C-alpha cells in the first residue's frame, strides 16, 4: 500500500547476514533489484488502472463472502491512499456489524494499532495516510496489540499466487504481522493487475493466507487459517 508500510528492509537484512549472499545461496543484491523493478511495474499498472472505485467494490463484495471475515471479531484494516484498493466501504461494514475495528498508524519505525468507533475519528497522518486522530492514539483504552487481531486486511504494491507480498521496502507490515498470533488470518488485497505469478522473497517476508482481487479469491492451502477466533 502505502508509503506507510513500505515493506522489507532488504539492505538491513543483507548487512545483518554479513554481506550480499548468505549460506542458503540467496543473492540479496539481485533480489533487491528484482523487487525494485517489480515495484515500478506494479505501481505503473495500478496508476493507469481505470474504474478503481468500482473494482474496489467488487473486491469488498468478495471479502464479505469469505468465512474468515464473518468469524473474526477483531479486524485490522488500513485506510487507503487514492490509488489503492479503497477501504471506506469495508471500514463502514466492519463497524456496522459490531466488530472491533482497529486501524494501523505509524510510530517511529513500527505500525501500532488503535481501535476506532467511527470514520470521523480518522485524519491525515504520517505520509498523508489516514490514521486515528492523535488524541485517540494517546488513549490507553484504544490501544490494541497485534496478538488480539483475528483478521488483518493487508495492502501491498504487488502479490503473487503463493501468498508472497511486495511493499515499498521498509518492512512496516512485516514487523506488524510478525507480532500477530499464528492463528490470525492475513488477507492480501490488491487489483488483479498487481497480482504476479511469483515474486522474489526473502526469509523475513510474511506471506498471506488469502488473496482477494476484483476477479478472484485465492486460498493458499499450505497457509490455511486455523479458524479458532
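The values are calculated or read from the model by the stated rules, or taken from the named source; none is laboratory data. Just so you know, these numbers come straight off a predicted model, no measurement behind them. Quick reminder, even Gly has a Cβ in these numbers, built from the backbone with ideal geometry, and neighbours come from all protein chains shown.
Please enumerate the residues belonging to the range 190-229 that are part of a helix (DSSP H, G or I) and modelled with pLDDT of 95 or more.
Result: 192, 193, 194.
Filter the range 132-142 down to residues that are touching a helix residue (DSSP H, G or I) at 6+ places or on another chain (Cβ under 8 Å) and touching a residue at least 24 places away in the same chain (Cβ under 8 Å) and give me whichever is surrounded by the fewest Cβ atoms within 10 Å (Cβ to Cβ). First the steps, then the outcome.
Our first condition is that a residue be touching a helix residue (DSSP H, G or I) at 6+ places or on another chain (Cβ under 8 Å); within the range 132-142, this holds for 132-133, 136, 142.
In the following step, the residues that additionally are touching a residue at least 24 places away in the same chain (Cβ under 8 Å) were identified as 132, 142.
Values: 132: 24, 142: 18.
If we take residues in the range 132-142 being touching a helix residue (DSSP H, G or I) at 6+ places or on another chain (Cβ under 8 Å) and touching a residue at least 24 places away in the same chain (Cβ under 8 Å), then 142 is surrounded by the fewest Cβ atoms within 10 Å (Cβ to Cβ).
Out of 201, 194, I need the residue that is touching a helix residue (DSSP H, G or I) at 6+ places or on another chain (Cβ under 6 Å) and surrounded by 19 or more Cβ atoms within 10 Å (Cβ to Cβ). Which one? Break it down stepwise before answering.
Details: 201 fails: touching a helix residue (DSSP H, G or I) at 6+ places or on another chain (Cβ under 6 Å).
Unique residue meeting the criteria: 194.
Quick test of your reading of the structure: residue 120 fulfils all but one of (1) under 20 Å from residue 88 (Cα atoms); (2) in contact with a helix residue (DSSP H, G or I) (Cβ under 7 Å, 6 or more places away or on another chain); (3) surrounded by fewer than 18 Cβ atoms within 10 Å (Cβ to Cβ). Name the failing condition by number.
(2)
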